[in-house]
Amino acid sequence: MRVLSLTSPRMKGNDVKKAQRRLREYGAWTGKIDGVFGEQTARACSQAKWMLGYREKNIRPTYGTSLDEYLSGKRKPNRWMLRRAKARKPKNLGAAALVVAKSYIGTKESPPDSNRTMFSNWYGIIGPWCLMFVTYCFNNVGAKHFKPGVRWAYCPYMVNDARAQRYGLTVVPKDKVQPGDIVLFDWKNDGISDHVGIVETKPNRYGDFKSVEGNTSVGNDSDGGAVMLRQRNTKQVICFVRVWE
């Protein structure tokens, strides 16, 4: 088979559809089976190789015979691949969602100031999309309550559900926070959450931590139009939330 990769114009065809189906069956792809090898499909190839236990130097955003045979079961991973795959397996949904979130750092609205992104399109609402981004990341790793258009596009709703321990959510004390937990911010300190992200590093003794956030920028914390890794402090946080399912 031909090697599928990112090109301009994009590679298209039934072989791309076949690759997307294989990736979806393996759990590395949640997008539409459209037969177009775009950035999402390329990213899914890298994710599948990471999950299969490829050596890091061999993890490239391409799809060829080798990957197809591993995904179809025609070829079995060797013991070294199995060891790497086991070591890489996330211990919880948050850790897995964080991996997904970090893979989208740099993604921006198109056109600018439109709230149009793959995340808002996926969710089904064109509007402020920080929580749609978080919902997408957890949906991508199988969190059953994180569904498009169903529950969380408004931060205060998630805060309320976490405090009530509904839908697999629970509030976590700041000294128990782990990478992969959800963080909800309150910029005005008025008790209403304004923004959300996924914790990348747990708070240090000064309360400083990093989080991956959608719809942010250095000049606009809650409506900046990009996925970024931001430096934050616990003084800005209304609560941390862990997903248990």
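Considering the range 79-93, and only residues there that are in a helix (DSSP H, G or I) and either under 20 Å from ALA44 (Cβ atoms) or touching a strand residue (DSSP E or B) at 6+ places or on another chain (Cβ under 6 Å) (or both), the residue that is modelled with the highest pLDDT turns out to be MET81.
Scanning the range 20-78 for residues that are assigned to a strand (DSSP E or B) and either at pLDDT below 95 or touching a helix residue (DSSP H, G or I) at 6+ places or on another chain (Cβ under 6 Å) (or both) yields a single hit, TYR63.
Among the residues of the range 10-35, those that are aliphatic (A, V, I, L, M) and surrounded by 17 or more Cβ atoms within 10 Å (Cβ to Cβ) comprise MET11, VAL16, ALA19, LEU23, ALA28. Test LYS17 against the criterion of being in a helix (DSSP H, G or I), among the basic types (Lys, Arg), without any contact (Cβ under 8 Å) to a residue 60 or more places away in the chain and in contact with a Gly (Cβ under 6 Å, 6 or more places away or on another chain), and give yes or no. Considered against the rule, which asks whether it is in a helix (DSSP H, G or I), among the basic types (Lys, Arg), without any contact (Cβ under 8 Å) to a residue 60 or more places away in the chain and in contact with a Gly (Cβ under 6 Å, 6 or more places away or on another chain), LYS17 comes out as yes.
Figure legend. Inter-residue proximity from the range 61-89: first residues touching a residue at least 24 places away in the same chain (Cβ under 8 Å) and not assigned by TED's automatic domain parsing to the domain that holds GLU25, second residues of a type in the set (S, T, N, Q) and not in a helix (DSSP H, G or I), beta-carbon distance below 7 Å, spacing 6+ or different chains. No pairs are indicated. Within the range 186-241, the set of residues being small (Gly, Ala, Ser), out of contact with any strand residue (DSSP E or B) (no Cβ under 6 Å at 6 or more places or on another chain) and more than 19 Å from PHE133 (Cβ to Cβ) comprises GLY191 only. Among the residues of the range 109-129, those that are hydrophobic (A, V, I, L, M, F, W, C) and within 16 Å of the chain's Cα centre (by Cα) comprise MET118, PHE119, TRP122, TRP129. Give the residue that is surrounded by the most Cβ atoms within 10 Å (Cβ to Cβ), with candidates limited to residues of the range 155-170 that are touching a residue at least 12 places away in the same chain (Cβ under 8 Å) and out of contact with any Leu (no Cβ under 7 Å at 6 or more places or on another chain). Taking the candidates together, the pick is LEU169.
Looking across the range 188-234, not a single residue is closer than 17 Å to PRO156 by Cβ, within 14 Å of the chain's Cα centre (by Cα) and surrounded by fewer than 24 Cβ atoms within 10 Å (Cβ to Cβ). Every condition in (1) surrounded by fewer than 16 Cβ atoms within 10 Å (Cβ to Cβ); (2) in contact (Cβ under 8 Å) with a residue 40 or more places away in the chain; (3) over 22 Å from the mean Cα position of the chain (by Cα) holds for LEU6 except the one numbered (3).
The values are calculated or read from the model by the stated rules, or taken from the named source; none is laboratory data. What you see is a predicted model, and the numbers here were worked out from it, not measured in a lab. In this analysis, Cβ positions are derived from the backbone assuming ideal geometry, glycine residues included, and neighbour counts consider all displayed protein chains.
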